[in-house]
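Take a look at the structure below.
The values are calculated or read from the model by the stated rules, or taken from the named source; none is laboratory data. Small disclaimer: the values here were computed from a predicted structure and weren't measured. When we count neighbours, we look across all protein chains shown, and the Cβ atoms used for this are built from the backbone with ideal geometry, even at glycine.
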Amino acid sequence: MSLNDINGLLKRYLDGKCSAEESRLVEIWLEENGEENDEWKHMNDTARKQWLSYLYGDVQKSIQLKEEDKKIVNISPASGLRVWKLMTSIAAAFVIICGLYVAWPTLQDQINPVTYHELKAASGIRKLFVLDDGTRLWLNSGSSLKYPSRFNGKKREVYLQGEAYFEVAHNAETPFIVYAGKLITRVLGTSFNIKAYKDDPDVKITLFTGKVEVIRKSNNKERSKLILLPNQEATYRKDAGSLSKTTVNNSIIDYHSAWKDGKLIFDETPVSEVLKRLSLAYDVKFILADEKINGCTITGAFNVNQNIEEILKSISISMDGKFVREANEFTLTGQGCAK
């Protein structure tokens, strides 16, 4: 809330033109921020109007000084109001103005508590959503995102389970913060992918444009953090609790961004990871008949509009294996691949 906003609010309150919600917000704040002798609660309506008129004039002077880029000058309280200790000094006046600026989001939450909504992408489905601040996000299969009914204060916070690609609307004064397990990703405006499925052994954050800060927390304490630049990836290994950063090539970048457009791009990708991607995209299950198959890698590009059996046929040929289907489950057999 800017000084101009405060100025407008006080003027509407003095003129009796505030909404019921705005009036309650002002009165709650004034009751909670009075002096020890609690003058505001004991003022009659006339006295409250006089005191608020003084505060309103003080705000107007502050705005004028800000616009003229001048040094702050001393402002003496009106002599008729010295009976109230709330405004016995210049410092008190500015504490009140700053306090209302800082407290406004909290007061709003008291009147209209923030509720959270949940976005979901069912198994085998990808979805595009646009948040109220203009941020675009794609949720991958089996993923969900919780976000508040409104972004208050000085940050925009969301909570991710699964995988999402973000294109964050730029706002230098209000960082966008994504919570995913024990990792916190803080950005101003950028595009990045977070892969944080509950059953995966690690969490990966891949940056495409801009700059992000990744923070690892444990027991509500910051344990480590790092900065990502474009074409860099952060990996958090859940078993070791370690957070590391690497520079990745364009094939990795393509791998982490193609899914939102319905594409699956692999470049010497381990077969286990390929099957995970296919499982998400098509909502099917895979079984490896022999652990030796894990030594195989796959290179190729597919589209989720293709029939899954077409894709599996291509994969089985490339690794001299075979897929056997039973209902919604595929078993992969083969001799494995020489390393």
query = What is the one condition in (1) in a helix (DSSP H, G or I); (2) closer than 24 Å to R126 by Cβ; (3) at pLDDT below 90 that K260 does not satisfy?
reply = (3)
task = Residue by residue through the stretch 179-237, note down the ones that are part of a strand (DSSP E or B), under 17 Å from the mean Cα position of the chain (by Cα) and among the β-branched types (V, I, T).
result = I184, T185, V187, I194, V203, I205, T206, T209, V212, V214, I215, I227
key: Residue tally, condition in contact with a His (Cβ under 9 Å, 6 or more places away or on another chain) and part of a loop (DSSP other than H, G, I, E, B), over the stretch 135-154   = 1
key: Residue, farthest from K127 (Cα to Cα), within the stretch 275-291, restricted to residues that are part of a helix (DSSP H, G or I) and under 31 Å from the mean Cα position of the chain (by Cα)   = L275
query = Can you name the residue in the stretch 293-310 that is in contact with a helix residue (DSSP H, G or I) (Cβ under 7 Å, 6 or more places away or on another chain) and not polar (S, T, N, Q) and, of all such residues, is nearest to T333 (Cα to Cα)?
reply = I293
task = Report whether or not F176 is buried (at least 17 other Cβ atoms within 10 Å of the Cβ) and closer than 30 Å to L275 by Cβ.
result = no
request  = Pull up the stretch 312-333, narrow it to residues that are within 17 Å of E273 (Cβ to Cβ) and of a type in the set (G, A, S), then point me to the one that is surrounded by the most Cβ atoms within 10 Å (Cβ to Cβ).
outcome  = G321
query = Of all residues in the stretch 263-272, how many are outside any helix (DSSP H, G or I) and buried (at least 17 other Cβ atoms within 10 Å of the Cβ)?
reply = 4
request  = Collect the residues in the stretch 156-174 that are within 8 Å of the chain's Cα centre (by Cα) and of a type outside the set (F, W, Y), keeping them in residue-number order.
outcome  = R156, E157, V158
note = In the stretch 294-303, anything at pLDDT 90 or above and either assigned to a loop (DSSP other than H, G, I, E, B) or of a type in the set (S, T, Y) (or both) is listed as T297, T299
inquiry  = For the stretch 130-146: of the residues being over 21 Å from K204 (Cα atoms) and surrounded by 14 or more Cβ atoms within 10 Å (Cβ to Cβ), which is modelled with the highest pLDDT?
reply    = L131
inquiry  = Here is a list: L207, L228, L275, L243. Which entry is within 22 Å of T333 (Cβ to Cβ), surrounded by 15 or more Cβ atoms within 10 Å (Cβ to Cβ) and touching a strand residue (DSSP E or B) at 6+ places or on another chain (Cβ under 7 Å)?
reply    = L275
